């Protein structure tokens with residue numbers, strides 16, 4: 001299984017969910033899923049966009065050889081299925097829930113287009129977000145194809161620091177309170193959990209970082 005990670009630390013709930021718009025609030029409901037449920041499959045009609053309110057969802061596709069490729073693991077505040085507003089008629093990916101008790105806000109393409117038409121500032125934010133996501137995906141595909149696992153891990157940690165990190169004012173180290181388990185981290189860089197542990201310990205010995213279950217500390221001189 002190969003994976004390209006998304007680390008878009010953008011909570012779109014406050015600007016996107018129809019519950020935030022009085023004209024749509026009364027007619028809108030959340031969908032609830034269990035772990036391993038599919039939100040949609042490849043070749044399903046692309047007639048909705050989805051916003052995660054709680055839980056996590058993985059996005060991916062299956063190659064002709066039967067290999068599963070994971071392109072994203074998304075969490076609260078992130079959207080998926082957004083290509084529906086760009087003209088996609090059939091899904092070219094699947095979306096599967098990986099957290100128990102996941103709640104998702106579905107938005108029909110028609111409703112989304114109405115929201116975009118009614119609010120210029122909102123539409124600019126959404127299209128910029130989509131464009132930014134595509135650029136990040138392209139860059140990460142290049143990393144996955146041309147870089148070794150250790151380099152991918154260091155790039156992954158660098159982006160974690162940008163999205164979830166803050167500087168320790170005393171030591172100058174970057175403290176990262178990231179939302180992924182080690183298993184998810186391994187999946188996101190396309191490796192196994194044992195290999196991830198080996199690489200993390202190598203980087204610790206090199207004084208590049210320190211880590212525990214909840215935090216990664218990126219050392220000042222190496223960051």
Please determine, by comparing only the residues of region 123-155 that are more than 30 Å from residue 193 (Cα to Cα) and out of contact with any helix residue (DSSP H, G or I) (no Cβ under 6 Å at 6 or more places or on another chain), which one is surrounded by the most Cβ atoms within 10 Å (Cβ to Cβ).
126
Would you mind finding the one in 29, 65, 43 that is assigned to a loop (DSSP other than H, G, I, E, B) and modelled with pLDDT of 90 or more?
43
Only one residue in 93, 110, 78 is surrounded by fewer than 16 Cβ atoms within 10 Å (Cβ to Cβ) and in the same structural domain as residue 136 (by TED's automatic domain parsing). Which one?
110
Name the residue that is surrounded by the most Cβ atoms within 10 Å (Cβ to Cβ), counting only residues in region 204-223 that are modelled with pLDDT under 90 and closer than 17 Å to residue 150 by Cα.
223
Would you confirm whether or not region 130-142 contains a residue that is assigned by TED's automatic domain parsing to the domain that holds residue 84, in contact (Cβ under 8 Å) with a residue 12 or more places away in the chain, touching a strand residue (DSSP E or B) at 6+ places or on another chain (Cβ under 8 Å) and part of a helix (DSSP H, G or I)?
yes
So which strands (runs of 3 or more DSSP E) stay within region 146-223 end to end and still have 2 or more residues that are more than 16 Å from the chain's Cα centre (by Cα) and touching a residue at least 40 places away in the same chain (Cβ under 8 Å)?
174-176, 216-218
In region 168-203, which residue that is touching a strand residue (DSSP E or B) at 6+ places or on another chain (Cβ under 6 Å) and farther than 25 Å from residue 74 by Cα is surrounded by the most Cβ atoms within 10 Å (Cβ to Cβ)?
203
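The values are calculated or read from the model by the stated rules, or taken from the named source; none is laboratory data. Everything numeric in this text was worked out from a predicted model, so none of it was measured. Note: ideal-geometry Cβ built from the backbone for every residue, glycine included; neighbour counts use all protein chains shown.
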